[in-house]
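The values are calculated or read from the model by the stated rules, or taken from the named source; none is laboratory data. Keep in mind that what you see is a predicted model, and the values were worked out from it rather than measured. Quick note on the areas: whole protein, heavy atoms, side chains included, nothing else; ligands and nucleic acids left out. Shrake-Rupley method; radii C 1.70, N 1.55, O 1.52, S 1.80 Å.
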Amino acid sequence: MERIYFDNAATTPPAPEVVEAMLLALKNDFGNPSSIHAEGRKSRALIEKARKFIANKLNASIGEIFFTSGGTESNNLAIKHSVKNLGVTRIISSRLEHHCGLHSIDAIQKSDNIIVEYVENDAHGKINLEQLESLLKDDSNKTLVSLMHANNEIGTMIDLDAVSALCKQYGAYFHSDTVQTICHYPIDLQKTKLHFLSGAGHKFHGPKGVGFIYINSDIKVDPLIDGGSQERNMRGGTENLYGIVGLEKAFELAYAHMDEWSEHILSLKNYFKEELKKYFDGIVFNGCEENSLYTVLSVSFLKIQNQRCFC
Ligand SMILES: Cc1ncc(COP(=O)(O)O)c(C=O)c1O
């Protein structure tokens, strides 16, 4: 029986072009990017080409993109560094964030005794923007708002521009976990102002274990990892060259096919919904109908659940 993979929010299979680009680099480019000889400089050039490509697509500066091991690391860094380096004494977030965001907030709350407030969400996962505004209005603490662009389980999206505007109005820092939306939706960082943004290659047919953090050039934070001078002194350790090459290729493919793929995936999602409705009674689609990832379909089978409860 043919298996159909339905877990792309957890991870996507790497695209063949990504595998090919990585294999080519594995075969031909072994130089340490920090070495000044030809082999090293060739590897360095690959990393900087990837950084430039990603920065261009996001309309950011090259110096604002730092490669990391993925979404978890990027979210940890944004949340913890804003407290350690930017004088943040209050974080506003949501209970619906990914565990890596929630656990980072818990950890920094314990170690640095900061205030943490959670903005309410409705049954569809929609954030209460009025409450966010009144929280921002009411407090004089230096605040970080950390809200994911889209939830990985129910697909509900926030209005990134609206949250960004509120943060600007009340002088708060803004971090968004865009792990589920990077390369699925265009993001223009000149139009939508954020201080930190997190991305992970494996959510858009790139390799696992590589991602990036965007840090707005207006803010300065300490090195993300102490060590050598890699990532412009911000993240010590020999770079994940092959991962970065794969990440760039996945970005390239995603941007080249964004309209075509989103249309196709949305049509599959709609078809799947209609078919499920035909075959199951008591079916409920979770999340916010009008503001949902086209890549995520979350369904509750109420009758099946009930049957299970009683047997
Ligand atoms: C919304 C969201 N944030 C963060 C992560 C963590 O990313 P990574 O697996 O690259 O550490 C994930 C992946 O599961 C995710 O879906």
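Sorted largest first by accessible area at a 1.4 angstrom probe radius, with every protein chain in place, the residues LYS42, LYS278 fall in the order LYS278, LYS42.
Which residue fluctuates the most in the chain, going by a Gaussian network model with Cα springs under 10 Å, if the choices are ALA200, ALA50, ALA107? It is ALA107. What do you get for Rg/Rh over region 258-310 if you use C-alpha atoms and the Kirkwood form of Rh? Computed over Cα atoms, the ratio is 1.07.
Among beta bridges identified by DSSP and lying wholly in the chain, the antiparallel ones come to about 50 percent. Viscosity 0.890 mPa s, temperature 25 °C: give me the Stokes-Einstein translational D for region 22-253 in µm²/s, with Rh taken as the Kirkwood radius over C-alpha pairs. The diffusion coefficient I find is 136 µm²/s.
With springs only between Cα atoms under 10 Å apart, run a GNM on the chain and tell me which of LYS191, LYS57, LYS203 wobbles the most. Greatest mean-square fluctuation among the candidates belongs to LYS191.
Calculated on the Cα set of region 109-189, radius of gyration then Dmax: 13.2, 37 Å.
A straight Cα-to-Cα reach below 19 Å connects LYS273 with the aspartates and glutamates ASP7, GLU153, GLU263, ASP281, GLU289, GLU290, residues fewer than 8 places away in its own chain not being considered. Rolling a 1.4 Å probe over the protein heavy atoms gives region 22-253 an accessible area of 43 Å² per residue.
Carbon and sulfur atoms: what percent of the 1.4 Å accessible area of the chain do they account for? The value for the chain is 53 percent carbon and sulfur by accessible area. Given their separation in residues at 0.36 nm each and the Cα-Cα distance between them, ASN270 and SER111 gain 52.7 nm when the chain is fully extended.
For LYS142, the lysines whose Cα falls under 27 Å of its own Cα, not counting residues fewer than eight places away in the same chain, are LYS80, LYS84, LYS110, LYS126, LYS168, LYS191, LYS193, LYS220. Bridgeable aspartates and glutamates around LYS137 (alpha carbons under 20 Å apart, same-chain partners fewer than 8 residues away excluded): GLU117, GLU120, ASP159, ASP161. Segment ASN28..ASN291, full-extension length gain: 90.2 nm, with 0.36 nm per residue of separation and the alpha-carbon distance subtracted.
Taking all protein chains as they are arranged and a probe of 1.4 Å, the heavy atoms of ARG44 leave approximately 70 Å² accessible to solvent.
With the gyration tensor restricted to C-alpha atoms of region 168-254, the semi-axes of the equivalent ellipsoid amount to 22, 20, 9 Å, longest first.
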